[in-house]
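Structure, as structure tokens:
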Amino acid sequence: MLDRPTIDAPFLDEAFRHGPDKPANMLTVADAKAMDIRTMADLFKDHINPGQFHFMKLLGFHKVKVERAEGMFYVDQNGRRILDFFGGFGSLAFGHNHPRILKARKEFQDEKRHEIAIAFLSQYAAALAKNLALVSPGDLDMVFLGSSGSEVMEAAIKVAERASGRKNCKIVHAENSFHGKTKGVLSITDSTLYQGEFKLVGNSYKVPFGDLEALTRCVQSHPDIGVVVLETVQGGGGIIEASTDYWRGVRALCDRHKVVWVADEVQCGYGRTGTFYAFERHGVIPDVTALAKSFGGGKAAIGAMVARRDVYMKAYGTPKTAMIHAHATFGGIGEASVTAIEALNTLYDEDLIGNSGLVGSYLIERLNDIREKYPTIVKEVRGRGLMVGLEFHDFSRTLPLALRPMVAILDDKLKGSLSGFVGALLLRDYDCLVAFTEYNRNVIRLEPPLICTHENVDQFCDALDNLLGRGIVGIVKDFIKTQIG
Ligand SMILES: Cc1ncc(COP(=O)(O)O)c(C=O)c1O
């Protein structure tokens with residue numbers, strides 16, 4: 001129970017002292033823009049997440065105030081240009097503030113177009129849904145628009161569950177899966193950290209990812225299973241792929257047992273791996289899929305669930321069932337939809353899917369050279385297109401004894417993991433930003449914008465090469481200096 005003071009009359013007076021008056025110290029947009037870095041940190045700790053600040057500080061992220069962001073770069077308060085190989089976990093296919101997307105948004109605002117699409121039909125949502133149906137294979141052509149990856153994944157499992165026709169329908173998901181943090185999808189997100197002892201939906205089975213035999217055994221022995229949910233490439237799990245045989249097997253298994261297959265493409269979709277959907281390269285089509293992140297062009301919070309028409313109609317196809325899961329307040333709102341329409345056109349006009357495949361191969365090639373140069377540090381390079389994982393060897397037992405206690409006191413989470421150290425120094429010394437993964441602390445995730453060039457790859461790989469040249473002891477010592485310096 002929270003320890004709260006008893007509310008008495010004077011306390012209430014204090015709490016409600018403003019009445020209808022605006023608090024004197026309410027901050028303006030100008031105040032926010034001009035805020036110094038110390039105040040930003042204090043307000044983050046006071047009002048957002050003091051514990052998270054601890055991690056930002058460990059990595060040195062708390063020293064950066066982003067003043068502008070353009071293309072592949074953030075620009076900080078000192079004019080430093082930071083190369084973005086993090087890419088918002090795949091949310092920035094177009095880089096930061098793509099001019100075409102900004103223009104479409106500005107025109108929409110200047111023309112005073114409408115946003116909320118609840119009472120009247122929306123021409124913007126309609127056009128966006130049509131475009132998505134055009135770029136989606138087979139009869140994946142019914143679209144639900146939401147505001148986040150979690151929301152559209154909730155929509156995906158709901159449509160699948162109803163279409164499966166099972167009473168008390170059970171869902172299979174994979175080990176190391178990540179499908180979001182809202183209550184429903186949290187139940188199929190394989191993380192004790194995120195599941196945080198909440199009461200979960202409790203209708204799921206878990207199998208190893210990429211293991212067709214295990215999935216087959218599970219589906220065969222539980223006739224109440226109506227839905228299989230899988231990321232086509234596991235992102236949170238540390239960039240893990242499965243074979244084409246596996247995906248063809250999943251399709252055949254689901255057909256045989258009349259199970260609905262949901263492919264989560266929130267992170268790996270939208271051209272990231274060199275095809276619009278990652279499942280396309282395996283020559284299979286799921287029953288339901290979901291996109292978010294880059295779908296909003298890096299400017300709008302919008303995602304989409306796309307279902308095969310027969311699946312959708314089974315779930316919500318009659319006037320009686322149509323409103324069970326119709327869109328929420330912000331589903332398909334005007335400016336977000338227009339942003340997504342312009343983004344999708346730009347994706348094809350600029351051949352960013354092709355670029356992802358091409359530049360991604362070059363990135364993987366260069367990283368493999370680095371792995372060969374530092375075989376005791378880099379364990380594996382994996383991925384496809386611009387969704388790449390770099391795994392380091394666990395060095396907790398090879399680090400000189402003298403350094404181990406120092407490393408241990410820094411943070412439990414970084415023990416044995418080089419990625420935090422490498423990430424912090426890539427930012428501090430080389431102006432490069434990378435991402436981590438909660439599930440495997442030895443992996444760095446590289447998901448740069450799809451506008452990434454060969455020169456950007458060279459800048460990043462030269463930096464990484466130079467940093468790894470310091471050796472593990474040098475890297476750890478330099479990291480420790482950042483904490484005490
Ligand atoms: C595969 C996958 N599904 C779902 C989600 C949830 O998306 P959001 O954070 O927008 O709710 C994520 C987010 O990282 C994801 O990677």
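The values are calculated or read from the model by the stated rules, or taken from the named source; none is laboratory data. The structure presented is a predicted model; accordingly, all values stated were derived computationally and were not measured. Cβ: placed from backbone, ideal geometry, glycine included. Neighbour counts: every protein chain shown.
Annotations for the structure displayed:
- Scanning the range 239-252 for residues that are buried (at least 24 other Cβ atoms within 10 Å of the Cβ) and within 14 Å of the ligand (Cβ to nearest atom) gives a single hit, I239.
- Filter pass, K170 being basic (K, R), surrounded by fewer than 22 Cβ atoms within 10 Å (Cβ to Cβ) and within 15 Å of the ligand (Cβ to nearest atom): no
- For the range 450-485, the set of residues classified as farther than 30 Å from Q267 by Cβ and surrounded by fewer than 20 Cβ atoms within 10 Å (Cβ to Cβ) consists of G469, R470, G471, V473, G474, K477, D478, I480, K481, Q483, I484, G485, listed by residue number.
- Exclusive hit being within 14 Å of the ligand (Cβ to nearest atom) and either closer than 17 Å to P208 by Cβ or at pLDDT 95 or above (or both), set D255, D264, D224: D264
- Pairing each residue of the range 126-150 that is under 14 Å from F276 (Cα atoms) with any residue that is within 16 Å of the ligand (Cβ to nearest atom) and among the hydroxyl-bearing types (S, T, Y), provided the two are 6+ apart or on different chains, yields C-beta distances under 7 Å for L140/T289.
- Lone qualifier among F198, F209 - being within 15 Å of the ligand (Cβ to nearest atom), free of Cβ contacts under 8 Å to residues at least 60 places away in the same chain and more than 17 Å from the chain's Cα centre (by Cα): F209
- Restricted to the range 278-304, and to residues there that are in a loop (DSSP other than H, G, I, E, B) and within 15 Å of the chain's Cα centre (by Cα), the residue that is nearest to the ligand (Cβ to nearest atom) is A292.
- Flag for G165 being of a type in the set (G, A, S), more than 16 Å from the ligand (Cβ to nearest atom) and assigned by TED's automatic domain parsing to the domain that holds G235: yes
- Evaluated against (1) in contact (Cβ under 8 Å) with a residue 24 or more places away in the chain; (2) not in a loop (DSSP other than H, G, I, E, B), T275 falls short on exactly one condition, (2).
- Considered as a group, the residues in the range 305-331 that are more than 16 Å from the ligand (Cβ to nearest atom) and among the hydrophobic types (A, V, I, L, M, F, W, C) include one that is nearest to the chain's Cα centre (by Cα), and that residue is A307.
- Selection count where residues are under 16 Å from L134 (Cα atoms), surrounded by fewer than 24 Cβ atoms within 10 Å (Cβ to Cβ) and of a type in the set (F, W, Y), scope the range 260-318: 1
- Scan of the range 133-153 for residues that are part of a helix (DSSP H, G or I) and either surrounded by fewer than 24 Cβ atoms within 10 Å (Cβ to Cβ) or in contact with a His (Cβ under 9 Å, 6 or more places away or on another chain) (or both), ordered by number: A133, L134, V135, G149, S150, M153
- Considered as a group, the residues in the range 66-86 that are without any contact (Cβ under 8 Å) to a residue 60 or more places away in the chain and closer than 25 Å to I480 by Cβ include one that is surrounded by the most Cβ atoms within 10 Å (Cβ to Cβ), and that residue is D76.
- Given (1) farther than 19 Å from L352 by Cβ; (2) in contact with a strand residue (DSSP E or B) (Cβ under 7 Å, 6 or more places away or on another chain), index of the condition D46 fails: (2)
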